[in-house]
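One structure is given here, and the rest of the page talks about it.
Just so you know, all these numbers are worked out from the coordinates, no wet-lab data involved. Everything quoted here is computed from the prediction, not taken from an experiment. Because the Cβ atoms are built from the backbone with ideal geometry, glycine has one as well, and the counts that use them run over all protein chains shown.
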Amino acid sequence: MKHFVIYALAAVMIFTMLGRFAAVETVSAAEPAVAPVLRMAKAAPAALQENAVPEEEVIQAGLLQANMSSMDDMYFKNALLEELGEGFSVHALSTAATGGDQAAMFRKMVERGYRLIVVELFDTDMADEYIRLAKENDIILIFIGEEPTPQQMAEMDNLYYVGFSTGNVMRELADAIILGWKNNQRALEIKDDDRLVFGVFTKDDYEENGSAEALTRYLSNAGIEAEMGKNAVTQAFEFNWKKEIDNIFYAGGEIIICDSSSYARQISEYLHDEEEYPKEKYERIQNTGIFLTVADATAQEMVKEGTAMFATGINGGDTGTAVAKLAKALLAGETPTAENVGIAPDQNRHIYITNRTVLSTVLTTQVGGDEDEE
């Protein structure tokens with residue numbers, strides 16, 4: 001009987017301990033999951049890690065990009081993380097990839113106490129709410145993408161914009177065309193009528209944003225009669241890129257201006273497809289000059305290999321590095337300067353990154369004007 005009582009007490013104690021363990025596990029499982037991050041602070045004890053970052057020093061940051069699937073955005077993200085280094089936990093979301101609402105994602109980051117949020121702005125009207133929330137919660141806010149208005153930028157001190165000037169891109173594009181026209185006009189023409197018709201293959205409407213007018217004006221001032229032919233907007237509903245390329249030539253296009261290196265690569269391959277544009281009949285179309293308003297690794301490689309004539313613009317990696325340097329300076333309480341950021345902000349807290357520009361030898365090499373045409 002004594003043994004039975006002892007066994008019974010032991011069983012009660014065992015089941016009680018199991019019940020407590022199960023309760024603890026149930027509570028832990030019910031806790032909300034930690035948000036996915038691109039780079040997390042090391043979780044092992046500091047004693048087990050050399051140069052470990054103490055948990056209290058980890059800075060929570062958010063990154064909202066319109067489309068992380070593009071190569072340029074990937075370059076941006078990777079450069080940002082590399083420059084920030086240890087001590088930052090960056091939660092990155094793509095509004096296009098998730099199909100979610102950017103504003104809702106921003107509010108969630110504010111609720112979680114992020115000290116820094118980087119937003120690729122695609123609608124300046126949305127900036128007002130972001131600025132208000134950042135100001136109320138003492139958050140450092142950095143915009144990329146669309147440029148906020150001067151009135152919006154004046155709303156708070158810890159608000160910066162990192163980007164580039166579209167006008168500069170059009171100026172450099174015009175300068176490249178003017179140089180090519182001077183050195184090798186026939187390489188830019190298809191019809192040999194001393195006029196240049198440029199086709200546009202970009203996500204933005206060149207007529208609406210004024211780029212067509214600016215480019216035409218620059219070329220006209222240099223004595224080149226030019227006009228925009230087909231304006232193919234790649235974000236249009238049910239966009240068929242091959243059909244739009246055909247339409248560019250139907251509209252008299254002689255060069256193609258493109259803002260995507262991935263599209264440019266496909267366009268080049270399409271023009272050299274013997275079933276679509278046989279060389280015997282369409283040799284000059286095959287040699288159509290592609291002018292890129294991006295300068296990522298693919299765009300630069302296309303110029304070097306001769307499948308594009310020109311590339312200019314911001315490299316996503318350059319932008320990511322600049323944003324990270326700016327963020328570190330601001331979080332350290334420093335005034336951003338050319339020394340700690342690489343580029344000094346202007347008086348309105350804008351940082352404009354210098355474009356990378358690559359030109360083909362077709363544009364830079366002068367061809368004699370008295371050569372017999374084949």
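Once the gyration tensor of the Cα atoms in the stretch 270-335 is diagonalised, the equivalent ellipsoid follows with semi-axes of 42, 9, 7 Å, ordered largest first.
Spatially, the stretch 137-186 and the stretch 331-355 are offset by 15 Å when compared through their Cα centroids. You can think of it this way: the chain between Gln151 and Arg115 has 10.6 nm of extra reach, that is 0.36 nm per residue less the Cα-Cα gap. Subtracting the Cα-Cα distance of Asp346 and Asn78 from 0.36 nm times their residue separation leaves 93.9 nm of extension gain. With 0.36 nm allotted per residue and the present C-alpha distance subtracted, the Arg186-Thr337 stretch has 49.7 nm of extension available. Remark on Leu63: its backbone amide H falls under 5 Å from those of His91, Ala92, Leu93, Val118, a criterion applied only to residues 5 or more positions apart or on other chains, H modelled at 1.01 Å from N.
Across q = 0.23 Å⁻¹, the stretch 289-374 modelled as identical point scatterers on its alpha-carbon atoms has Debye log10 I(q)/I(0) values of -1.00, in the order of the q list. Rounded to the nearest 0.05, the FRET efficiency derived from the C-beta distance between Asp193 and Gln366 at R0 = 25 Å is 0.70.
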